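The structure appears right after this line, and notes come after that.
The values are calculated or read from the model by the stated rules, or taken from the named source; none is laboratory data. Since we're looking at a predicted model, the values are computed, not measured. Because the Cβ atoms are built from the backbone with ideal geometry, glycine has one as well, and the counts that use them run over all protein chains shown. Accessible surface areas use protein heavy atoms only, side chains included; no ligands, DNA or RNA. Shrake-Rupley method; radii C 1.70, N 1.55, O 1.52, S 1.80 Å.
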Amino acid sequence: MRLQFNLSFLFFILFYTASSFCQYNRSDEALVKTTFTRTFNKKIISSYLNSNDERKITAALLSISHSEDSSFIPQICSLDFQKYSEIICFVLGQFGEHKNSTQYLWQMFEKYPVNETQKSILETIGKTGDKNDLQKLLSFINEKKIISNCGFALSIYNFSLRNISDPGSISFLNKILARGEEGREETLFALYRVGTTDSLILSSVEKIIRSEIKKDNPSQFLIQYGLGIFRKAKFFPKDIELLFKLCTNRDPVIRIETAKAGIYFPFTSENNLDFLLQLLLDKNPNVARQTAISFRDFSFNEKLKGEAMQFVRNQLKNKNLSGMTRGELFITFIKHLQTLDTYFINEYEPFIDKTFIYQSCAELKFLPEDIFNYLIAQYSLEKKENKLVILSSILKNQKSYIDKKFFSDFAFKVLAEKDISLSTSLLDELSDEFLLANKKELIKIIFADAKRNKNNLNFAGSIESYYRVLEKIDKSSTKKLCKTLASSSVYSIVKFGSLKLGKKSPVQHSRKYFAKLWNYSFKDKGAIVKTTKGNFTIEFMPDVAPVTVGNFCLLAGQNFFNGLKFHRVVPAFVIQGGDPENTGWGGSNIPIVSEFSPYQFQTGIVGMASSGKDTESSQWFVMQAFHPHLNSRYTIFGNVVEGMETVLQTDQNDEIISVELLH
């Protein structure tokens with residue numbers, strides 16, 4: 001079995017992992033190429049579908065799943081559903097809402113009353129069906145036509161993503177939790193994503209967490225999403241013993257989730273608060289950092305606020321804490337204090353990285369003039385990653401500035417730098433009032449930027465922002481912008497412009513890179529990533545993502561990743577690296593495409609970051625916990641088979657020393 005994690009057997013039962021399922025191999029160059037170029041040659045694909053070879057048929061279906069071409073649906077529905085049920089459901093789900101898909105799935109639901117099959121079908125109907133299908137699903141539940149709870153919750157979740165809901169679905173989800181029936185795991189996940197403040201559900205969740213935390217090996221998943229439900233409801237049970245057990249659990253993911261939800265405990269004394277405050281000193285840097293972040297949302301009474309803030313202030317100069325934790329604490333302190341001046345900044349500059357000082361300014365409800373001037377002065381001195389932070393803090397208070405001209409001059413100075421990430425960040429946050437008042441100048445700048453950057457891969461993450469601004473200030477100009485974008489040599493940019501103009505999706509223009517990428521797709525089995533926190537080993541998955549694996553190996557062979565930082569670490573979620581700018585905006589000069597698959601985003605899975613379909617480049621991430629909401633939306637190209645302890649200890653700005661490919 002490929003996915004080698006302690007909880008993988010449980011997750012195999014809950015969310016199909018397709019771990020036994022293999023698609024592409026070295027002989028599939030023509031199929032992978034037509035998928036990469038987004039031409040989806042029907043002659044090639046049909047030869048696979050008609051081959052009677054199970055592997056080839058599965059490979060063809062994986063290719064079709066990227067096509068967005070519903071004309072394939074009749075061919076898909078003619079296949080042996082019993083044999084290909086998982087991949088058929090995946091492909092139809094990727095096509096989205098479609099009447100023919102949904103009718104077929106209901107037929108298969110009636111024909112194959114098998115637990116796992118029905119689960120896959122129901123989950124997919126949540127992606128392909130409409131509000132009438134949701135009502136049909138609920139009536140089937142009431143009539144007990146569904147033999148298992150598995151699949152129901154994920155179907156409800158998928159319907160909700162398209163704003164299709166019904167109050168009756170939530171009450172049934174509570175019944176699943178209250179009865180302790182199968183399907184609790186996916187039910188907790190669905191309720192967390194949908195959000196609920198229902199007291200009966202919160203009571204059921206409390207019982208599940210109490211039961212799990214008593215076990216020698218509690219379910220990380222049940223506790224993670226149970227606490228997630230509490231956090232979204234801004235609730236925590238009045239049970240100090242439960243809080244203590246969660247705070248001292250050996251699993252860092254559980255401690256992180258406790259730090260997020262525990263702030264809603266109804267604290268009455270400093271002694272009770274100590275359990276959470278001690279997490280600031282946790283040996284795992286992500287637990288400590290998340291605790292520092294979580295206290296930002298803590299609602300203190302006056303007595304507790306004074307005591308807690310004194311404790312926090314004492315830690316700001318504690319060099320036993322990581323720089324990230326001290327920095328996050330500084331932001332938290334300023335948010336609760338609601339005051340900041342240059343004297344205070346000078347006192348803490350030796351202990352707090354300037355990035356966090358800049359970020360803390362965004363927490364002020366009113367930006368004092370001396371702090372505004374400080375940020376403006378620092379902007380011209382800083383590197384781009386900190387310019388982005390300063391820009392965000394200045395923009396948050398833009399409506400309160402008395403000197404409108406000074407702010408306007410600054411905004412146009414930023415745009416004059418002609419930097420994609422800075423310009424996009426500015427345009428995203430400018431008020432409608434500013435946009436309309438400066439309409440003429442902004443239109444000129446947007447057109448000039450688009451013309452200059454249309455062939456720049458990194459511009460793909462900006463085009464929607466530019467388009468939205470034009471929609472607000474001069475809708476008639478959007479057509480001109482899209483014509484410029486449609487003449488790009490970058491596939492995702494051409495596609496955006498062409499679709500907005502009502503044209504057919506274009507052919508992938510970067511086919512010249514395919515041969516080079518394909519040469520590396522099956523060359524290496526994995527890689528050892530050496531970091532300042534230790535090493536971890538990745539096993540590649542070219543059977544579902546050959547182009548992505550080839551891209552990673554090509555870049556690693558060029559030492560592209562050496563010396564780069566994990567620029568984004570979200571505790572109990574992901575560690576992300578591969579950006580030469582360290583801003584989240586950077587990448588390589590090789591355009592690749594998305595390679596989605598039925599694999600699940602479990603702990604240790606390695607995926608590609610993107611700003612939308614077919615915008616991947618060089619940024620990649622590793623999962624610190626299981627997050628099913630990423631499934632089918634991001635490319636998976638590997639999994640960590642050794643060194644997960646390093647992944648869990650990795651903090652933001654830890655460095656990648658080297659990536660050693662394993663032949």
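Give the value in nm², to one decimal: projected area of the alpha carbon convex hull of segment 88-171, averaged over all directions. Walk me through the intermediate numbers first.
Values: hull surface 18.9 nm².
Seen from a random direction, the Cα hull of segment 88-171 projects 4.7 nm² on average.
Whole-percent P(r), segment 450-502, all Cα pairs, 5 Å bins from 0: 4, 25, 36, 24, 10, 1. Excluding same-chain neighbours fewer than eight residues apart, the lysines reachable from LYS399 by a Cα-Cα span under 21 Å are LYS335, LYS365, LYS387, LYS413, LYS439, LYS440, LYS472.
For the chain, what is the charge dipole size about the Cα centre, in debye to the nearest 20, if Lys and Arg each add +1 at the Cβ and Asp and Glu each add -1 at the Cβ? Don't jump to the answer; show the numbers that get you there.
Details: 82 positive and 71 negative charges, 338 e Å.
About 1620 debye.
Quick one: what do you get for the chain if you divide its Cα Rg by 2.2 N^0.38 Å? Show your work: numbers first, answer last.
Values: Rg = 25.9 Å, N = 663, 2.2 N^0.38 = 26.0 Å.
In units of the globular-protein estimate, the chain measures up at 1.00.
Relative protection proxy for 474-483, 63-72, 558-567, 631-640, from highest mean packing down: 631-640, 63-72, 558-567, 474-483 (other beta-carbon atoms within 10 angstrom). If I stretch the segment between VAL114 and LYS439 completely, what's the gain in nm (0.36 nm per residue apart, minus their alpha carbon distance), one decimal? Result for the pair: 111.0 nm of gain on full extension. What the Kirkwood sum gives for segment 96-253 is a hydrodynamic radius of 16.4 Å, with every pair of different alpha carbons counted.
Write down the Å³ per residue value for the convex hull defined by the alpha carbon atoms of segment 328-419. All intermediate terms of the calculation are to be shown ahead of the outcome.
Details: hull volume 8.2 nm³, N = 92.
Hull volume over Cα atoms, normalised by residue count, gives 89 Å³.
Per-residue packing, averaged as other Cβ atoms within 10 Å, sorts the ranges 43-53, 92-102 into the order 92-102, 43-53, beginning with the highest.
Using square roots of five times the C-alpha gyration tensor eigenvalues, list the equivalent-ellipsoid semi-axes of segment 416-467 in whole Å, biggest first. Walk me through the numbers on the way to the answer.
Details: eigenvalues 70, 27, 16 Å².
Working through the eigenvalues yields semi-axes of 19, 12, 9 Å.
Each label point was placed 7 Å from the Cα along the Cα-to-Cβ direction; for SER408 and GLU302 their separation is 4.5 nm.
Entry comment: accessible area of the chain is 41 Å² per residue, from protein heavy atoms only and a probe of 1.4 Å. In the chain, helices alone account for a calculated mean residue ellipticity at 222 nm of -16000 deg cm²/dmol, with every DSSP H run of four or more residues adding -39,500 (n - 2.57).
A Cα-only calculation for segment 490-608 places Rg and Dmax at 15.9, 51 Å. If R0 is 35 Å, what FRET efficiency do you get for ASN589 and GLU97 from their C-beta distance, rounded to 0.05? My answer for the efficiency is 0.45. How are the alpha carbon pair distances in segment 284-343 distributed across 5 Å bins from zero to the largest one, expressed in percent? P(r) for segment 284-343, in whole percents per bin: 4, 19, 29, 27, 15, 6, 0. Hey, if you drop one equal point scatterer on each alpha-carbon of segment 364-504 and run the Debye formula without solvent, what base-10 log of I(q)/I(0) do you get at q = 0.13, 0.15, 0.17, 0.20 Å⁻¹? For the requested q values the scattering log ratios are -0.58, -0.75, -0.92, -1.17.
Keeping the other protein chains in place, figure out the carbon and sulfur percent of the accessible area of segment 195-319, with a 1.4 Å probe. Provide the component values of the computation, followed by the final result.
Values: 2480 of 5380 Å².
Roughly 46 percent of what the probe reaches on segment 195-319 is carbon or sulfur.
Taking the accessible area of segment 439-585, probe 1.4 Å, and keeping the other protein chains in place, the carbon and sulfur fraction comes to 48%.
The distance linking segment 513-579 with segment 88-105 is 33 Å (Cα centroid to Cα centroid, whole angstrom). For the listed residue pairs LYS127/LYS480; LYS119/LYS144; LYS454/LYS475; LYS83/LYS119; LYS396/LYS495, the alpha carbons are over 26 angstrom apart in LYS127/LYS480; LYS396/LYS495. Across the accessible surface of segment 608-655, with the other protein chains kept in place and a 1.4 Å probe, carbon and sulfur atoms take up 40 percent. For segment 407-564, the relative contact order is 14 percent, taking Cα pairs closer than 8 Å that sit 6 or more residues apart in sequence and dividing their mean separation by the residue count.
Normalised by the number of residues in segment 36-162, the average gap of Cα pairs under 8 Å and 6 or more apart makes the relative contact order 20 percent.
Under the simplified labelling scheme, the ILE141-ASN314 pair shows an inter-label distance of 5.0 nm, with each label point 7 Å from Cα along Cα→Cβ.
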